[in-house]
Amino acid sequence: MNDPITLIGIGEVGGILARGFLRAGHPVYPITRGMDITRETRYTPEPALVVIAVGEQALHPVLDALPPPWRERCLLLQNELLPEDWARHDLPEPTVMSVWFEKKPGQDVKQVVATPVYGPQAGLVLNALSAVGIDGVRLASAESLLFELVRKNLYILTTNLCGLEVGGDVATLASTHTTLMTEIAHEVLDLQQVLAGQPFDRPALMTAMQTAFEGDPTHRCQGRSAVARLRRALNQADQAKLAVPALRALGARHLS
Ligand SMILES: NC(=O)c1ccc[n+]([C@@H]2O[C@H](COP(=O)([O-])OP(=O)(O)OC[C@H]3O[C@@H](n4cnc5c(N)ncnc54)[C@H](OP(=O)(O)O)[C@@H]3O)[C@@H](O)[C@H]2O)c1
């Protein structure tokens, strides 16, 4: 029997990963919302990995409550994640994955492009992904991880926020609403640069977003979290004193 995996959050992504780790021969210990995390560490004090598969709004409260032995072995996978999110909790060295497969309730898993993974337990995660037929790729550096996180954030925010305005799929967004897409994408990158505290290679990120569009051209733009994402982006822009006129125009039309 391989080392156990602790899984916090048994939702859509958590369910896929549970199957992957089980198929790879690891016992999986679930942590659901009602459980006392500190008590549960008695049963699996030193799992190989603590998978934090809760949504982004629950991430920080969960990390705040994480007991010391588990803090050293986290896997983070949330959309909109940036290094600041784990730096503020002093997590020593999390494993991080930028999820590029989609799993919606009632639907099978669908891959957009390969899922990049970085960190001490990347091999373990790649084995679990492979066990459920999902392509993964191991990243070689923290710089390439930052690029991949920003790429995913650019994709998810641009498509979700433009989707509020025009609906449709990502191929139609890129081909028919190019001006809107480009304006929103650049304002999203303005925001990401402030949050990450450094400039990015924008042409490379725009090309990487386009590659993801081509990976699943019929991917719907407007996800279930689009309104919450727009609200969060505008709050971040206010705090950073960024103008972001195109995002604010979306806010005026779609936030009541
Ligand atoms: N699904 C996708 O296709 C996809 C793709 C890319 C990235 N992601 C990212 O993956 C993350 C998870 O997404 P998801 O679709 O799997 O979400 P989900 O289906 O809503 O699952 C989240 C799970 O976390 C649980 N949870 C919330 N707070 C908790 C707590 N304090 N303790 C224990 N469990 C808690 C929820 O439990 P309750 O049922 O009690 O609320 C739920 O089961 C998100 O950050 C999302 O951005 C998802």
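The values are calculated or read from the model by the stated rules, or taken from the named source; none is laboratory data. Note that the structure is a prediction, hence the values are computed from the model and not measured. A quick note on method: Cβ atoms are made from the backbone with ideal geometry, for glycine too, and the neighbour counts reach across all protein chains shown. Protein only, heavy atoms only, side chains kept; ligands, DNA and RNA dropped before computing areas. Shrake-Rupley method; radii C 1.70, N 1.55, O 1.52, S 1.80 Å.
Taking the stretch 219-244 as the range and being part of a helix (DSSP H, G or I) and in contact (Cβ under 8 Å) with a residue 12 or more places away in the chain as the test, the residues that pass are 226, 227, 228, 229, 230, 231, 232, 233, 234, 236, 237, 240.
Would you say residue 60 is out of contact with any strand residue (DSSP E or B) (no Cβ under 7 Å at 6 or more places or on another chain) and not hydroxyl-bearing (Ser, Thr, Tyr)? In short, yes.
Okay, residues lined up against (1) in the same structural domain as residue 20 (by TED's automatic domain parsing); (2) more than 25 Å from residue 94 (Cβ to Cβ); (3) of a type in the set (Ser, Thr, Tyr):
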position: 128; (1), (2), (3): yes, no, no
position: 177; (1), (2), (3): no, yes, no
position: 181; (1), (2), (3): no, yes, no
position: 225; (1), (2), (3): no, no, yes
position: 229; (1), (2), (3): no, no, no
position: 243; (1), (2), (3): no, yes, no
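Residues in the stretch 209-219 that are touching a strand residue (DSSP E or B) at 6+ places or on another chain (Cβ under 7 Å) and surrounded by fewer than 16 Cβ atoms within 10 Å (Cβ to Cβ) were compared, and the one that is nearest to residue 149 (Cα to Cα) is 217. Per the conditions (1) part of a loop (DSSP other than H, G, I, E, B); (2) open to solvent by less than 50 Å² (accessible area, probe 1.4 Å), the sole criterion not satisfied by residue 199 is (2).
Residues checked against (1) farther than 24 Å from residue 113 by Cα; (2) under 16 Å from the mean Cα position of the chain (by Cα):
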{"position": "192", "(1), (2)": "no, yes"}
{"position": "198", "(1), (2)": "yes, no"}
{"position": "206", "(1), (2)": "no, no"}
{"position": "211", "(1), (2)": "no, no"}
{"position": "216", "(1), (2)": "no, no"}
{"position": "219", "(1), (2)": "no, no"}
{"position": "225", "(1), (2)": "no, yes"}
{"position": "228", "(1), (2)": "yes, yes"}
{"position": "232", "(1), (2)": "yes, yes"}
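Looking only at residues of the stretch 135-173 that are in a loop (DSSP other than H, G, I, E, B) and among the hydrophobic types (A, V, I, L, M, F, W, C), we find that the one that is nearest to residue 99 (Cα to Cα) is 139.
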